[in-house]
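Below: the structure, in C-alpha cells.
Where a number appears in this text, it was derived from the coordinates with a stated rule and is not lab data. Remember, predicted model here, so these are calculated numbers, not experimental data.
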C-alpha cells in the first residue's frame, strides 16, 4: 500500500511541474485542465494512506471530504479546490467555455501546490 501512496504523490507532483511548464508557455487551458489530475492523485494517495480505497473518480471527491474535511483534518477550502477542479475538468476542451487567462492558471497552480502539500502531510 505504501508504494502506491508514494507513486500517487509522485504523479501529483509531476503533474504540478507540468502545469508550471505549461504556464510558462502560455497554455492556460492545459494548466487548468491538469489541476484535477494532480489533485485526484494526491487525494487518492491520502485515502490509500488511511486504507480507504475507491473505484470511481467521482466518489473520491466525496470520500475525501468525508475522511478529511468532515473530520476536521483539513479545512473546507481543500474540498472546494478539489470539487472545483472536478467540476471544471472538461471545460478546457469545450469551446463553449471562455479560455482561462494567466491569473486563473496561476491560481490553479497555487491551489494544486497547497492541496498536494496537505495530502502529503496526511500520508505521513
To the nearest 10 degrees, how steep is helix 76-87 against the longest Cα principal axis of the chain, on a 0 to 90 scale? 60
By how many degrees, 0 to 90 and rounded to 10, does the Cα axis of helix 2-24 deviate from the longest principal axis of the chain? 20
Counting every Cα pair in the chain, what percent are over 27 Å apart? 15
Rg from C-alpha atoms of the stretch 12-80, normalised by the globular rule of thumb 2.2 N^0.38 Å, equals 1.22
